[in-house]
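Trainee: Pasting a structure here, questions to come.
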Amino acid sequence: MSKKSIVSYHYGQAGTQVGWEQWKLYCHEHGINWDGTRILPEQEEDEDNFQTFFYETASGKYVPKCVFMDTEPSVINALRESPLGYLVHDTCMINSRQGCRNVMPLAFLKDLDSSYNVQSRIPETVRRMREICDRTSGYMHYLSACGGAGPGLCVRTLEHMRKVDSKSIHHSHTILPSPTLSQNPMETYNSMLFLGSIRFDCLGMNVNTCYDNEALYRQSISLSRTRHNKFVPTYKHINELIAISVSSSTASIRWDGQLNVDLEDFQVNLVPYPNMHHVFHTNSPVLNNGNKDRLRVQDLTLDAFKNEAHCISLNCLSHCIKWEAEEEAGIFREPVWKDEAEDNDTVPPQCYGYTHGLIGCCLMYRGDVRPVKVNKAIRALMELKNPYFVSWVPNGFKVAINSPQLTLPSDWEYPGCRRSLVTMINSTAILEKFKQIVANYSSLRALNLYEQWFEHGIEETLMDAIKESLLESITAYETAMHRSNDSEDMKTAMETQVNLLPEFGDYITYKPDIDLPKPRR
């Protein structure tokens, strides 16, 4: 057995559909057929690296280390009838007889269906997956925080797994609400409950990677416009982008490269405090359609910090835009130095407003990349983009380099390329997403909308406590932007009682450059 085993848990409709594309990519990269047989790829030298996500059965078949859960049978039954259903064991696909109606408490409660429920089968499934692995390196969770089954089942599974083993690394890939695209009116309540329940200081999730469909859909539209055979993006293409990001972030765990990172390195290098564990990905190249002239290491590094490459509708480099451009666009709020200046003459004309800062950044390269080129690319990034790190982070870059290039299945619209880069960023800009969720929740709460759906086990006091938990995360990120290097000041800032912020009407709303039609299944 491999000593770097990772077990994947897929919850709800979104997690199951993302898992279908994810395991299709894993099988393609490691040469595993749908019948469980394996053909060793030419570029693969180590025959044991596939055991990170697969294990060999007694009959010589290679089976994924994954579990699919949902409260309704339609999505899981469709998975059973797909080619992946013949590869995954039937005991690893769990479903109930009725859905949760997009309400997280219904998926979390034990008495959802007393005769045949998912919650009662979670302990046995977790025990069986732990016995399969010789030693687990961590667990990966895939879900959408906007729905009901995904957050409810994830919190229930995480609650049991923390009782069994409180030291394992849990890394989630979560789809958060989009700024303008929405299909579930109760996604604000579900997101509030999920984000307030997975706090690491309460033995929750170690690292939470955030996505939203609007940013991923924008990438799909941009790629479609650069191809001759234009396609209409659907959720399948969005799920493929998530699969590409996760595959590149786990390449160092499967292959031995020049520089490697694993799940523990993500937590150590990107999460300075327990309640600041929310990160996001950027993909590069996305817009050049495999153009060889734009595959230099420096170009990949610079393109990864553009807004088009972000997998979430945020701008982590908003501080690098001049104040005149910010004032004209009306998107970003005033920088800190403008309030503190005595008059306009004291502000240099070429000054940049450092609104948000990077807490940590992990650059994960794939392909024929040399460390010397990476060092030059980082120096060029610091000169041209000038990414601002918070003052108490001495060195914010973590680099991983792996020789196997990104190869994609033939039925995917995205082209493979000999060099690619996926960055994992922890930035204070993520608090704008949380402010958006809290502001939407406050608006719904003022009108008493959709509260009757959450009467099953969720009281108003609990919702208020979860709101305060999310406000603590917002305050922690805001404190990180202005914190000094004094260790005593840092400790005091994290232990100070959080004061609720009364107004969130001035939160930053991301305005896309193109009109986004509604995605379709």
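The values are calculated or read from the model by the stated rules, or taken from the named source; none is laboratory data. Computed from a prediction, not measured in an experiment: that's the story for all the values here. We place every Cβ from the backbone using ideal geometry, glycine too, and count neighbours over all the protein chains shown.
Trainee: Please specify each residue of region 355-375 satisfying the condition of being surrounded by 15 or more Cβ atoms within 10 Å (Cβ to Cβ) and more than 23 Å from Thr209 (Cα to Cα). Break it down stepwise before answering.
Mentor: Residues of region 355-375 that are surrounded by 15 or more Cβ atoms within 10 Å (Cβ to Cβ), as a first pass: 355-367, 369, 373-374.
Listed by number, the residues that qualify are Gly367, Val369, Lys373, Val374.
Trainee: Just give me the residues in region 391-409 being at pLDDT 85 or above and not β-branched (Val, Ile, Thr), in sequence order. Walk me through how you get there before you give the answer.
Mentor: First pass over region 391-409, keeping only residues at pLDDT 85 or above: 397-409.
Listed by number, the residues that qualify are Phe397, Lys398, Ala400, Asn402, Ser403, Pro404, Gln405, Leu406, Leu408, Pro409.
Trainee: Listed residues Ser168, Ser191; which is closer than 30 Å to Asp303 by Cβ and of a type in the set (S, T, N, Q)? Give the steps one after another, and end with the answer.
Mentor: Details: Ser168 fails: closer than 30 Å to Asp303 by Cβ.
Sole residue among the options that is closer than 30 Å to Asp303 by Cβ and of a type in the set (S, T, N, Q): Ser191.
Trainee: Could you grab me the full set of residues in region 138-155 that are closer than 16 Å to Thr71 by Cβ and either outside the structural domain of Ser182 (by TED's automatic domain parsing) or surrounded by fewer than 24 Cβ atoms within 10 Å (Cβ to Cβ) (or both)?
Mentor: Passing the criteria: only Val155.
Trainee: If you go through region 180-205, how many residues are buried (at least 19 other Cβ atoms within 10 Å of the Cβ) and outside any helix (DSSP H, G or I)?
Mentor: Step one: of region 180-205, the residues buried (at least 19 other Cβ atoms within 10 Å of the Cβ) are 186-199, 204-205.
Filter once more, so that each one left must be outside any helix (DSSP H, G or I): 186, 198-199, 204-205.
Residues meeting the conditions: 5.
Trainee: Kindly indicate the residue of region 255-274 that is touching a Lys or Arg at 6+ places or on another chain (Cβ under 8 Å) and crowded, with 21+ Cβ neighbours inside 10 Å and also modelled with the highest pLDDT among those meeting that condition.
Mentor: Across region 255-274, the extreme among qualifying residues is Leu270.
Trainee: Take the residues of region 220-277 that are assigned to a loop (DSSP other than H, G, I, E, B) and acidic (Asp, Glu): which is nearest to Glu308 (Cα to Cα)?
Mentor: Going residue by residue through region 220-277, those that are assigned to a loop (DSSP other than H, G, I, E, B) are 226-233, 250, 255-258, 260-262, 271-277.
If we keep only those that are acidic (Asp, Glu) as well, we get 256, 262.
Numbers: Asp256: 30, Asp262: 27 Å.
Filtering first and then ranking leaves Asp262.
Trainee: Quick check on my filter: what residues within region 396-438 are small (Gly, Ala, Ser), touching an Asp or Glu at 6+ places or on another chain (Cβ under 9 Å) and surrounded by fewer than 19 Cβ atoms within 10 Å (Cβ to Cβ)? Outline the logic, then answer.
Mentor: Going residue by residue through region 396-438, those that are small (Gly, Ala, Ser) are 396, 400, 403, 410, 416, 420, 427, 429.
Then keep just the ones that are touching an Asp or Glu at 6+ places or on another chain (Cβ under 9 Å); that gives 400, 403.
Ser403 - this is the single residue of region 396-438 that is small (Gly, Ala, Ser), touching an Asp or Glu at 6+ places or on another chain (Cβ under 9 Å) and surrounded by fewer than 19 Cβ atoms within 10 Å (Cβ to Cβ).
Trainee: So which residues in region 122-137 are surrounded by fewer than 14 Cβ atoms within 10 Å (Cβ to Cβ) and at pLDDT 85 or above?
Mentor: Restricting attention to region 122-137, the residues satisfying the condition of being surrounded by fewer than 14 Cβ atoms within 10 Å (Cβ to Cβ) are 124, 127-128, 131, 134-135.
Listed by number, the residues that qualify are Glu124, Arg127, Arg128, Glu131.
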